[in-house]
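Working notes for the structure below.
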Amino acid sequence: MSDLLLIGASGIRAYQTALNVIGENVANVDTAGYARRDPTLREIAPGAGSYPLQINQRILGGVIAPGVSRAWDQFRAADVRNSGAELARTEAGITWLERIETVLDKNALGPSLTGFFNASQALAADPTGIAPRTAFLESASAVASAFRTTGEGLVAIAEDLKATTELAVTELNGLAQSLATVNSGLQRAKEGSNGQAQLLDERDRLLDRMSTLTAISVSTTDNGVATVRLNANNGPVLVDNVDAKQITFEANASGTFAFTLDPFGDPQVLALKGGALAGFADAATRVADARAEIDRVATDFADRINTILTGGADLDGNDGQPLFDATGGAAGFATLDLDPREVAAAARWTTTTPIANEGIARLSIVTAEGGTPAPSVTISLSGGVMTATDPLTGVVVESVPYTAGTPVEIAGLSITVSGAAVDGDSFAVASTGAGSRDNSNLNLIADARSAGGFEAAISTVTTTNATALTSRRSIADAQGAIRDGAIAARDNFTSVNLDNEAVELLRFQQAYQASSRIIQVAREIFQSIIEI
Amino acid sequence: MQIGTSYSYDRSIMQMRGLSDETNRLLNELASSKRIVTPSVDPLAHSRIVTLDRTMANDKQFASNVSLASSLLDQTDDALSSVETQLQRAHELALRASNDTLSPADRAAVAAELASIVDDMFTIANATDVRGTALFGGASSGAAFTRDADGVVSFAGQGEAPPIPIGPDTNIAATDSGARIFGGIQVAGETTDLFAIVGNLASVLSPDSTATPEEIRAAIDKGIEGLDAASDRLGTARASVGARGARLELETERLASLATENEIQKTGLDGYDMQTTIAQLQQTMLTLQATQASFTKISQLSLFDYLR
């Protein structure tokens, strides 16, 4: 009857292993990448008896726990990785779009431009007042500061994004290297051993982490060695057996990102299709676009306003000074130091229209490019010809044909006639003197406002970004639900549930106790034979 | 279906985090009294609000320009009305002087009063406006009129006063050039100005005058003719000022009602409603509390507790 003792002993050993497995599961309930272990129990194969008389007698061998199986489903794991990569891309994008939104919205660039243009209108109502001139310069400083903080904010985002991407790329390279090491271990690990299960856990943890950084496609061999391709199953290979390739990244001059696979071997340009890295690349493009547009608006604004101001006359009758310096783009936007009296509110040339004129023609005059006009000149219109005369000597300076609405150059001036003239109409034109209350240069600023559309352009950048952000948030909600579903489906298979473990614990504990009872019975039976 | 213990905890944490994010968002709405706290809440409505904000800021500036222009026109009208009163007085004095029975002393008194009328009108014509510049100075910022040693008053300004912008591409001439109001008056084929008309009367009637009675009569007749022409001129100018003032009043009303309308439209676009937000906040907080309470209960449930 020694068989019964052996069977009992095999039960003790097998259920001890099983209980250990439950203990391991409970201990690792919260370990990332841990897949539930199930004890494998197998009956010890009954062999034929050794005596001819016992040839038909079944010999019972008991139970053995030859190893542990790891609860794993590679397809569900791939689902989690793919949906996770999609979600990571969207969420990475959202984080950075939110920062762009804050910079574009909170620096009040649009409102400060509105304030500037309205200050110029206030100045137009009181062109010689020092108070409105000071207010105008203050509003110009506010515009410069808004351009600067917006520009600097976007530069800071671009820098942070670059640093974050560097870190992520470094991490991805590290993960690929670690996976190659795990692959090498898996080649040597014994099938069904706990060592192999641990390596597989590590492999899956690495793969899950990689999939949050970039979209990957994984294929595994029978012994668990993983081959990782980027993007899809026909994408470039990142990890092949024990060989891991490196990825490098650099920011182009425009601020967009370029990834290169295997830069020191066989360099290959990468377009990453998922994961946080793809999200970072998306965000980099957005930041670059926003920066380019803000810089364009800043330069255009400064150029137009400076051109208008330098073409006018200030309160002391001097030529106007430029107000803005946008050579450093939005981030370097600055105001030039102007005295309130130096704001050129008046046009450079004052035209006096005699009451005697019979036509309704009006002249708008600027100094011609490179022109050196006399301080005063009389312009008369007759038969489609414009004549400039020296008002003191009556000598004709120049005569040119003209068409209403088109500027013509005459006597160093560029003159545009509007309205119909009657032959013989004349105008006294003089360089604007000190203390002029003319405000027509400020009207040009109002014209530049509508022609330049600066405020609308800023609003468009903000709205474009906001729209992208809104759509990404709803996409992220949907992708989050898909990812949650994929995790639930995988966990259904692989995760540890404490209640289940408790039940299994009870079961194996009872089986263990029953096996020890078998040993006791075997001993008692043996004892009863001895006592015969 | 088996739910992993770790996943069930993670899931609860995410749900509770989502609810507190929502609570936070609603609190933000309440604190700022608007629904569109950031552009991404509603990009389309936000871009419309930005445009409205800009329109409202422009209208505010235009309203301030309109009010400045109105006060300038009021001041002009006051000044012109005073000048009109002075002219009427000059007219009365001229008529009294034309009476042949007037004693030389009375005539001297009339002459003195006419001279003081010129002084008064010179002061009025040189009045400064609320901006601190000459009301009738035209395009130049110095004094509008100067008087030389002989008492001859002449226009010192230049051109026309700059119009004030009161709307996109809309301007109004809030002040008039003194040259057009006080000068350029045609009397008996000569161009003269108001100061000269009254000043000539004063000098011809003064005791120092060497004029013959006939010359005095002719001068008085010419003076009365000039005063009539000047009154006409002032009447026209005041009518023009009044018409512009009426236009500005309309503009003020338009801007005021536009401001109200824009404010209403903005509120509508933003769609913030305190009651709704408070109700949502309470609902969210209740849900959060319920989730927390049930999480605490459920997480206490473990079969291990019952294994004794």
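The values are calculated or read from the model by the stated rules, or taken from the named source; none is laboratory data. Everything numeric here is computed off the predicted structure, so don't read it as measured data. In this analysis, Cβ positions are derived from the backbone assuming ideal geometry, glycine residues included, and neighbour counts consider all displayed protein chains.
Scanning region A:107-157 for residues that are among the small types (Gly, Ala, Ser) and not in a helix (DSSP H, G or I), we see that the one that is nearest to the other protein chains (Cβ to nearest Cβ) is A:GLY129.
Consider B:ALA229 carefully, then state whether it is at pLDDT below 90, surrounded by 13 or more Cβ atoms within 10 Å (Cβ to Cβ) and out of contact with any Phe, Trp or Tyr (no Cβ under 7 Å at 6 or more places or on another chain).
Working: at pLDDT below 90: no; surrounded by 13 or more Cβ atoms within 10 Å (Cβ to Cβ): yes; out of contact with any Phe, Trp or Tyr (no Cβ under 7 Å at 6 or more places or on another chain): yes.
No.
Restricting region B:152-162 to residues that are assigned to a loop (DSSP other than H, G, I, E, B) and more than 8 Å from every other protein chain (Cβ to nearest Cβ), the residue that is farthest from A:ALA347 (Cα to Cα) is B:VAL152.
Selection of region A:356-371 for residues being of a type in the set (A, V, I, L, M) and in contact with a Lys or Arg (Cβ under 7 Å, 6 or more places away or on another chain) yields only A:VAL366. Listed by first and then second residue, the pairs with beta-carbon distance under 7 Å, at least 6 apart or on different chains, first residue in region A:499-523 and more than 21 Å from B:SER8 (Cα to Cα), second polar (S, T, N, Q) and surrounded by fewer than 18 Cβ atoms within 10 Å (Cβ to Cβ), are A:TYR512/A:GLN16.
Conditions tested, residue by residue: (1) closer than 22 Å to A:ARG437 by Cα; (2) touching a strand residue (DSSP E or B) at 6+ places or on another chain (Cβ under 9 Å); (3) at pLDDT below 90.
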| site | (1), (2), (3) |
| --- | --- |
| B:ASN65 | yes, yes, no |
| B:LEU68 | yes, yes, no |
| B:ASP77 | yes, no, no |
| B:ALA90 | no, no, no |
| B:ASP120 | no, no, no |
| B:ALA125 | yes, yes, no |
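If a residue must be hydrophobic (A, V, I, L, M, F, W, C) and more than 7 Å from chain A (Cβ to nearest Cβ), how many such residues does region B:45-60 contain? First the steps, then the outcome.
So in region B:45-60, the residues hydrophobic (A, V, I, L, M, F, W, C) come out as B:45, B:49-50, B:52, B:56-57.
Subset that is more than 7 Å from chain A (Cβ to nearest Cβ): B:45, B:49, B:52, B:56.
Looking only at that region, the number is 4.
Cβ-Cβ distances below 7 Å connect the following pairs, each with a first residue in region B:167-196 that is free of Cβ contacts under 8 Å to residues at least 40 places away in the same chain, a second residue that is assigned to a helix (DSSP H, G or I), and a separation of six or more residues or different chains: B:ALA188/B:LYS222; B:ALA188/B:GLU225; B:THR192/B:GLY226.
Only a single criterion out of (1) more than 30 Å from A:GLY274 (Cβ to Cβ); (2) surrounded by fewer than 24 Cβ atoms within 10 Å (Cβ to Cβ) is not satisfied by A:GLU101, namely (1).
If you go through region A:456-496 and keep only what is under 19 Å from A:ALA88 (Cβ atoms), within 19 Å of the chain's Cα centre (by Cα) and more than 8 Å from every other protein chain (Cβ to nearest Cβ), you end up with A:ALA468, A:SER471, A:ARG472, A:SER474, A:ILE475, A:ALA476, A:ASP477, A:GLN479, A:GLY480.
The one condition from (1) within 11 Å of chain B (Cβ to nearest Cβ); (2) in contact with a Phe, Trp or Tyr (Cβ under 8 Å, 6 or more places away or on another chain) that A:SER431 does not meet is (1). With respect to the stated conditions, B:ALA149 fails to be of a type in the set (A, V, I, L, M, F, W, C), over 19 Å from the mean Cα position of the chain (by Cα) and either part of a helix (DSSP H, G or I) or buried (at least 20 other Cβ atoms within 10 Å of the Cβ) (or both). In region A:105-124, the residue that is surrounded by the most Cβ atoms within 10 Å (Cβ to Cβ) out of those that are in contact (Cβ under 8 Å) with a residue 24 or more places away in the chain and small (Gly, Ala, Ser) is A:SER120.
Filtering region B:3-44 down to residues that are closer than 24 Å to B:ALA290 by Cα and within 7 Å of chain A (Cβ to nearest Cβ), which residue is surrounded by the most Cβ atoms within 10 Å (Cβ to Cβ)? Write out each step before concluding.
At the first step, the residues of region B:3-44 found to be closer than 24 Å to B:ALA290 by Cα are B:3-30.
If we keep only those that are within 7 Å of chain A (Cβ to nearest Cβ) too, we end up with B:3-7.
On the way: B:ILE3: 14, B:GLY4: 25, B:THR5: 21, B:SER6: 19, B:TYR7: 19.
Filtering first and then ranking leaves B:GLY4.
Listed here are the residues, each with its yes/no results for (1) among the hydrophobic types (A, V, I, L, M, F, W, C); (2) more than 30 Å from A:SER431 (Cβ to Cβ); (3) part of a strand (DSSP E or B); (4) touching a residue at least 60 places away in the same chain (Cβ under 8 Å).
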position	(1), (2), (3), (4)
A:PHE249	yes, yes, yes, yes
A:ALA253	yes, yes, no, no
A:LEU272	yes, yes, no, no
A:ALA288	yes, yes, no, yes
A:ILE305	yes, no, no, yes
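For region A:206-221, does any single residue satisfy the condition of being surrounded by fewer than 19 Cβ atoms within 10 Å (Cβ to Cβ), at pLDDT below 95 and of a type in the set (Lys, Arg)? No, that holds for no residue. Listed by first and then second residue, the pairs linking a residue in region B:90-101 that is acidic (Asp, Glu) to a residue that is modelled with pLDDT of 85 or more, with Cβ atoms under 9 Å apart and 6 or more places separating them unless they lie on different chains, are B:ASP100/B:ARG217.
Considering only residues of region B:163-184 that are within 17 Å of B:ASN126 (Cβ to Cβ), touching a Phe, Trp or Tyr at 6+ places or on another chain (Cβ under 8 Å) and not in a loop (DSSP other than H, G, I, E, B), which is nearest to the other protein chains (Cβ to nearest Cβ)? Ranking the candidates gives B:ALA179 first. Collect the residues in region B:100-142 that are surrounded by fewer than 18 Cβ atoms within 10 Å (Cβ to Cβ) and within 14 Å of chain A (Cβ to nearest Cβ), keeping them in residue-number order. Within region B:100-142, B:THR128, B:VAL130, B:GLY132, B:GLY142 qualify.
For region A:68-78, check the following and say yes or no: at least one residue is aromatic (Phe, Trp, Tyr) and in a loop (DSSP other than H, G, I, E, B).
Taking region A:68-78 and keeping what is aromatic (Phe, Trp, Tyr), we get A:72, A:75.
Still in the list and also in a loop (DSSP other than H, G, I, E, B): A:72.
Checked against the condition, which is being aromatic (Phe, Trp, Tyr) and in a loop (DSSP other than H, G, I, E, B), region A:68-78 yields at least one hit.
The set of residues in region A:489-512 that are modelled with pLDDT of 90 or more, over 15 Å from A:ALA27 (Cα atoms) and crowded, with 17+ Cβ neighbours inside 10 Å comprises A:PHE508, A:ALA511, A:TYR512. Kindly evaluate B:ALA202 against the criterion of being within 34 Å of the chain's Cα centre (by Cα), of a type outside the set (Val, Ile, Thr) and either surrounded by 15 or more Cβ atoms within 10 Å (Cβ to Cβ) or over 27 Å from B:ASN28 (Cβ atoms) (or both). Criteria not met by B:ALA202. So, of the residues in region A:232-260 that are touching a strand residue (DSSP E or B) at 6+ places or on another chain (Cβ under 8 Å) and of a type in the set (Asp, Glu), which turns out to be surrounded by the most Cβ atoms within 10 Å (Cβ to Cβ)? The extreme case among them is A:ASP240.
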